[in-house]
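Some notes on the structure that comes next.
The values are calculated or read from the model by the stated rules, or taken from the named source; none is laboratory data. These numbers were taken from a predicted model, which means no experiment stands behind them. Ideal geometry is used to build each Cβ from the backbone, glycine not excepted, and the neighbour counts take in all protein chains shown. Ligands, DNA and RNA are excluded from the accessible area calculation, which covers all protein heavy atoms including side chains. Shrake-Rupley method; radii C 1.70, N 1.55, O 1.52, S 1.80 Å.
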Amino acid sequence: MNAKSAKKLFKKYVNNECSPQEIELLERFLESYQDKDALLSEFSFDNGTKQELWQKISGTTKPQKIKRSYFNHFVFKYAAVFIALVGSIVFFKFLRSDTIEQPTLIVEDNAIVLKTANDQIREIVTGKEGIITDAEGNVLASQSDDRMEYRAKSTTELVYNEIIVPKGKRFELMLSDGTLVHLNADTSLKYPVSFIAGQDRKVFLNGEAYFEVAKDPDHKFTVVAKDMDVQVLGTHFNVSSYTDEENYTVLAEGSVAINDKRNDGGGGEPSILKPGQKAAMAEDALVISEVDINDYLNWRNGDLTFNNEPFEDIIKKIERRYGVRIENGYTELESVRFRGAFKNESIQDLLDTFKESAEFDYEIANNQIRIKKPV
């Protein structure tokens, strides 16, 4: 950032000369910063100015100190200067006067696809209304905006449809039993058009989804996700099963039973989760831990949250969220861990914030983002 502009804004704040917009931007930035001494020293304030400035903001901000034991020296070097990203994007854009114009990045607008049991392919256009019919013209489901709802009907034969949500999109699906499924980007779900009375309910997930399962004590609901089966009667939980990433289940309410199919084909004793717990598929075991479920559920609102995650995993999240391709040419960053949160920022705003905080450069070429080590 431009240090001269930053110091000017800080001094205006001390002298009560900031506009309401400037105060909001500055206070949001200061509230998210993890190390006040590093912040104020960065702009070469004298000790008197440091004390005056921090006394003014200390009544409204409570900086959180991260535990150094979480990081090795190299990781902490970056994490200490990586601000919580809510609000900081606007702050950096406000201060920077030397931003280099980047080529325009064209994000592909791939369609959501519905595959029917008879192998017909139908594109789902969000923001519109429509109906889904079978071969005989009977209405199976109706669509409104970004949700599709199936209608319950009596049947003796399981007929499966599959919905495929591409990168950069999200979608909601209400199954015929009233179960609501929030589908994240780059996700597919195979599900019965109608469930059969007397048989357990079962769906097949590849990707990430949040389930609000309709209660039905007579019909157990199972999510089959790669090496784990998640079984419930009626509850709310999140399942993530992306390829080459950590597979896990996070429980919001109720209870679920997790079967690790790697052990005896899932025939052993299941692990029972309580609300606020996460069951992750480690290399040779199912690991259960206490978590802040909001870190795992905010994606439903379009938020992008990083909670002490390595940069290589963050790249995958960014690619899914925005539907872009990223090549990391700065491999030393892959294992560095970051915390932060984005809401409705553009991909360029996100990258500019990372560029300032994690000290890398990036370029856009051939509609692809390439991260580079700074010169």
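Applying 1/(1 + (r/R0)^6) with R0 = 22 Å to the Cβ-Cβ distance of Ala152 and Asn118 gives a FRET efficiency near 0.60. For a 29 Å ceiling on Cα separation, which of these pairs sit above it: Lys128/Lys153; Lys167/Lys274; Lys220/Lys317; Lys128/Lys343; Lys190/Lys261? Beyond 29 Å between Cα atoms: Lys167/Lys274; Lys220/Lys317. Here the simple spin-label model places points 7 Å from the Cα toward Cβ, and for Ala285 and Ser346 these points are separated by 4.9 nm. Using a probe of 1.4 Å, the accessible surface attributed to His182 totals some 20 Å² when neighbouring protein chains are kept in position. Solvent-accessible area of region 223-375 (1.4 angstrom probe, protein heavy atoms only): carbon and sulfur portion equals 41 percent. The calculated FRET efficiency for Asp134 paired with Asp216, based on their beta-carbon distance and R0 = 22 Å, is about 0.35.
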